[in-house]
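First comes the structure, then the notes that go with it.
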Amino acid sequence: MLGAVLASLALLSGCADSGGASGPSTVKIGYQQSVLYVPLLVMKEKGWLSEQVPEVDLQWTQLASGAALRDAMVTGDLQIGMIGIGAFNVGLSKGLDWKYMMSNADLDAAVMVSDPGIKTFEDLARSKPRISTIAPDSPQAFMLKIAARQYLGDPNALDESLVTLDAPSAVQALQAGQIDADTATSPSRYLEEGAGAHAVLTSNDVFAGGLLGVGPVAREGFKEDNQAFSEAFVRQLGRAVRWVQDNPEQALDLVSAELFGPNSNRDLLLKSVKNINWTVEPKNVLDYSTKSAELGVTDRAASSEDDMIFADLVEIAKNSFDSPAQEDSK
Amino acid sequence: MTQATISRRGGGHTRPRRSGARKGFWAALPTPARLGILTVVAIAAWQLYVSLSGVDALLFVGPVDVAEHLVAGLADGTLTQATLTTLRILGLSFVIGAFVAVALTMWAMWTQFGSDVLTLLGATLSPIPGLAILPLAMLWFGISTTSLVVVLLNAIVWPIAYNLRTGIETISPTIRAVSRNIGLRGVREAVAVLLPGSLPYILAGLRSAWAFGWRTIVGAELIFGASGQGGGIGYYLNQQRFFLEVANLFAGLVLIAVVGVLLEWLFAVVERVTVRRWGMQASA
């Protein structure tokens, strides 16, 4: 009985429109609430993509986590998901036929501690800490594993220290002394910094040269069936990423209310937007996949970068990012 | 709120039949056989769907896969440890919750002020879902077992207190008058008359509290859990979800259902060897 009920639900959930050879009539795009999605919202608010594909009904959906976005893409409820490298890599290792269309921004995580006596990552590890991460499959959690291997000689040294908390709860918990450290991204890391916390490790210490933070992901079938739409999407998002880099204040004014509500802390968000490394180039994705398989986080690694990115789309996004339209430069 | 209404007999759940109605083939089968057949049919339908539909393995897995992962999880200790952690927290909360519920109810039975306090607290706190309290509990008590216990107490105290109160109120006034005449007062009256006299209702309250508590703790653990081996079964489910281990996710759900059934069975056994044997069964 249970099987039949669950089967019916699974069938129902798999009935979403996934496009076709003549182009999609509807495309659902998923994202989360974070400064990393400012370019996506800029593209939406300025109507750049809808101008290029007027025949497509674009639907925008905000979900709570990378895992939720991934689940929605598995069921076919979303055609494009703005997904972080952690959730993406887990899906890939499980055989999900998806790839990054481009990057959107580099990861900007930092391990923040409030105790001024803790100066280094090793100090933190010695204190038998409680450290929060946003999700067990997040690059922040993986960053701790890599750092534990690098600095402590054991990648699993901090496994027992991790607590899963959403960003606002983690900020609160760090201030209240309920946790010792938070692997925070923008704007939480700046909020915590403002409250007296300091960083003992950043993602750049662990992933030299940067790591893809978030980017649009599509399943291979969708991209193959909708090449023209996919190209238009990355061209316009690449344009938006560049525009955000060049015009952080205007970008924030444009999307802040929709993305963060009317009472958001503008100074904090602006600091975040200015400090994020906006880029369309997916960085170190193969290295991430290889290391996560080595450390047992995933079952298998991608065999090459081609398994992880649509190289032709990345190239289009790069061109768009490198050659901003004249009207965008004004 | 479930009140003490247990009137099932002999462990069966058959519908009452009109006198003289003929017993059909299905109804003539013993309860274990009927439930066994239904289970086998459901599992067969589940496996058939997975084998024939070509459903994505990231969405749905068959019972064979689930059984394999369930056995593996129990053998390597991950599922066993998670379940024991959850049961340990629930057990601790249950003991504290039962003590609080009995104390509150006795106070309510002995004084009007206590009665008003129980009525007010119950009316205002019992409708609040346990999980709604969790954010506040985390704020006050941190990322700790204490927060889970606090959330569980709200799920556990009220079913026990309400049922105990009803049970005491249904004790014959004559019995209570006799107990007072022979000098039983306070704690002695509670231990000798009130608690034994309301045992069917206490069991019903414990059963409801267990059901509320079990659902609440699994939900709470989905929101936060201690890391590594410190997390319970809800935390385990969340981990499997994040890592797309769908077979393990199903295995966790099956285990939750099995533990639920086993504890229900345990309550049924306790009921059979106590209130039913002693002829104390409460009527609806």
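Residue by residue, here is whether (1) more than 13 Å from the chain's Cα centre (by Cα); (2) surrounded by 21 or more Cβ atoms within 10 Å (Cβ to Cβ); (3) within 12 Å of chain A (Cβ to nearest Cβ); (4) modelled with pLDDT of 85 or more holds:
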{"site": "B:184", "(1), (2), (3), (4)": "yes, no, no, no"}
{"site": "B:205", "(1), (2), (3), (4)": "no, yes, no, yes"}
{"site": "B:223", "(1), (2), (3), (4)": "yes, no, yes, no"}
{"site": "B:250", "(1), (2), (3), (4)": "yes, yes, yes, yes"}
{"site": "B:256", "(1), (2), (3), (4)": "no, no, no, yes"}
{"site": "B:269", "(1), (2), (3), (4)": "yes, no, no, yes"}
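Does the range A:122-141 hold any residues that are within 13 Å of another protein chain (Cβ to nearest Cβ), basic (Lys, Arg) and at negative phi, and which are they? Within the range A:122-141, just A:130 meets the criteria.
Looking only at residues in the range B:31-78 that are in a helix (DSSP H, G or I) and acidic (Asp, Glu), which one is nearest to residue A:94 (Cα to Cα)? In this case the residue turns out to be B:65. Restricting attention to the range B:155-178, the residues that are assigned to a helix (DSSP H, G or I), in contact (Cβ under 8 Å) with a residue 60 or more places away in the chain and within 20 Å of residue B:115 (Cβ to Cβ) add up to 12. Here the condition is being surrounded by fewer than 22 Cβ atoms within 10 Å (Cβ to Cβ), within 22 Å of residue A:35 (Cβ to Cβ) and not aliphatic (A, V, I, L, M); of A:153, A:194, A:177, it holds for A:194 alone.
Test residue A:50 against the stated conditions and say whether it is buried (at least 22 other Cβ atoms within 10 Å of the Cβ), of a type in the set (Ser, Thr, Tyr) and under 21 Å from residue A:252 (Cα atoms). Considered against the rule, which asks whether it is buried (at least 22 other Cβ atoms within 10 Å of the Cβ), of a type in the set (Ser, Thr, Tyr) and under 21 Å from residue A:252 (Cα atoms), residue A:50 comes out as no. When restricted to residues that are assigned to a loop (DSSP other than H, G, I, E, B) and either more than 27 Å from residue A:95 (Cβ to Cβ) or touching a residue at least 24 places away in the same chain (Cβ under 8 Å) (or both), the range A:277-301 contains 13.
Annotation: of all residues in the range B:63-85 being of a type in the set (Gly, Ala, Ser) and crowded, with 20+ Cβ neighbours inside 10 Å, the one that is nearest to the other protein chains (Cβ to nearest Cβ) is B:82.
Pairs are defined by a Cβ separation below 8 Å, a sequence spacing of at least 6 or placement on different chains, a first member in the range A:302-316 that is in the same structural domain as residue A:288 (by TED's automatic domain parsing) and of a type in the set (S, T, N, Q), and a second member that is in a helix (DSSP H, G or I) and surrounded by fewer than 21 Cβ atoms within 10 Å (Cβ to Cβ); the pairs so defined are A:304/A:286.
Out of B:105, B:111, one residue alone is of a type in the set (Ser, Thr, Tyr), surrounded by fewer than 18 Cβ atoms within 10 Å (Cβ to Cβ) and more than 28 Å from residue A:68 (Cα to Cα). It is B:111. A single member of A:99, A:119 is away from chain B (no Cβ under 14 Å), buried (at least 22 other Cβ atoms within 10 Å of the Cβ) and basic (Lys, Arg), and it is A:99. For the range A:192-232, the tally of residues that are more than 23 Å from residue A:108 (Cα to Cα) and of a type in the set (Asp, Glu) stands at 4. Elements of the type strands (runs of 3 or more DSSP E) sitting completely within the range A:42-159 and holding at least 3 residues that are closer than 16 Å to residue A:182 by Cα: these cover A:110-113, A:131-133. Screening the range A:188-276 for helices (runs of 4 or more DSSP H) wholly inside it with 1 or more residues that are more than 30 Å from residue A:178 (Cα to Cα) returns the ranges A:220-225, A:227-246, A:248-260, A:266-275.
The values are calculated or read from the model by the stated rules, or taken from the named source; none is laboratory data. None of these values were measured; they are calculated from a predicted model. Here Cβ is always computed from backbone atoms with ideal geometry, including for glycine, and neighbour counts include all displayed protein chains.
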